[in-house]
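Quick notes on the structure that follows.
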Amino acid sequence: MIVGHPFYPLEPPQIPRNVSVMAKLYFHYSTMNAGKSTALLQASHNYRERGMETYLITACFDNRATSGTISSRIGIEAKADGFDGESDLYKMIDTRIKSTTLTCVFIDEAQFLTSEQVWQLACAVDDLGVPVMCYGLRVDFLGKLFPGSAALLATADEMREVRTICFCGKKATMVVRQDDQGNVVQDGAQVQIGGNETYVSLCRRHWREAMAG
């Protein structure tokens, strides 16, 4: 038992025969507009094209797309189950495994996971033997880690950066939030749903300049 993580099973269940014992928890992270959702949808499509079943889950309060949908800026989308702060992701995955031969689980907007939910996903990997691929932002517009991203950075078996570039051509690692007039916002709530009209990805140098005003 891991102290501080009450969800961790005391007696791990038998791993179903239809899933991999070599499963891992992956965290694909980036800044805004790097194509995370596109990469997720493409990876899921590759599995399904070969007759393998995938399970898609996304934050249910991201209202940029239709409810229960993962949508990419290039126009592709797929149906997904939603999660919020009260969702038990282990139970959701376990229920799906009992009804189908599940090959992989994909989590979109993973920065909105709670620390406990990240451990639920880790337990699904370890005890149910199914790979889980999480896609999300690493830091917010103030340069601080999202709680879900911090937990994934500490817990994931493998981490991969999805890269995009700043206007100067360097790799973008930060993001600024803008108001309706295009002015950089320097305070406010960590979570505010928005796209290209709200967020701009920058390299660290140009993020510093933008935040300095």
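Here are some notes:
- Full-stretch length increase - Thr100, Arg73 - with 0.36 nm per residue and alpha-carbon distance subtracted: 6.7 nm
- Charge dipole magnitude, Cβ of K and R +1, D and E -1 - the stretch 25-162, Cα centre, debye nearest 20: 400 debye
- Amide H contacts of Glu109: Tyr135, each under 5 Å away and 5 or more positions distant or on a separate chain (H built 1.01 Å from N in the peptide plane; Pro and chain starts excluded).
- Near the amide H of Leu202, within less than 5 Å, lie the amide hydrogens of Thr173, Met174, Val175, Val176, all on another chain or at least 5 residues away, with H placed in the peptide plane.
- Extreme residue, positive dipole direction of the stretch 25-162, given options Leu25, Ile93, Tyr135 (C-beta unit charges): Tyr135
- Size descriptor for the stretch 83-164, Kirkwood hydrodynamic radius: 13.2 Å (Cα pairs only, one decimal).
- In order through the stretch 144-158: 3J(HN,Hα) via Karplus (6.51 cos²θ - 1.76 cosθ + 1.60), integer Hz, x for Gly, Pro: 9, 5, 5, x, x, 5, 4, 5, 5, 4, 7, 10, 4, 6, 9
- The value given for the stretch 25-162 is a Kirkwood hydrodynamic radius of 14.8 Å, derived from the mean inverse Cα-Cα separation.
- Lysines with Cα under 19 Å of Lys170, excluding same-chain neighbours fewer than 8 positions away: Lys36
Just so you know, all these numbers are worked out from the coordinates, no wet-lab data involved. None of the values given here were measured: they were computed from a predicted structure. Quick reminder, even Gly has a Cβ in these numbers, built from the backbone with ideal geometry, and neighbours come from all protein chains shown.
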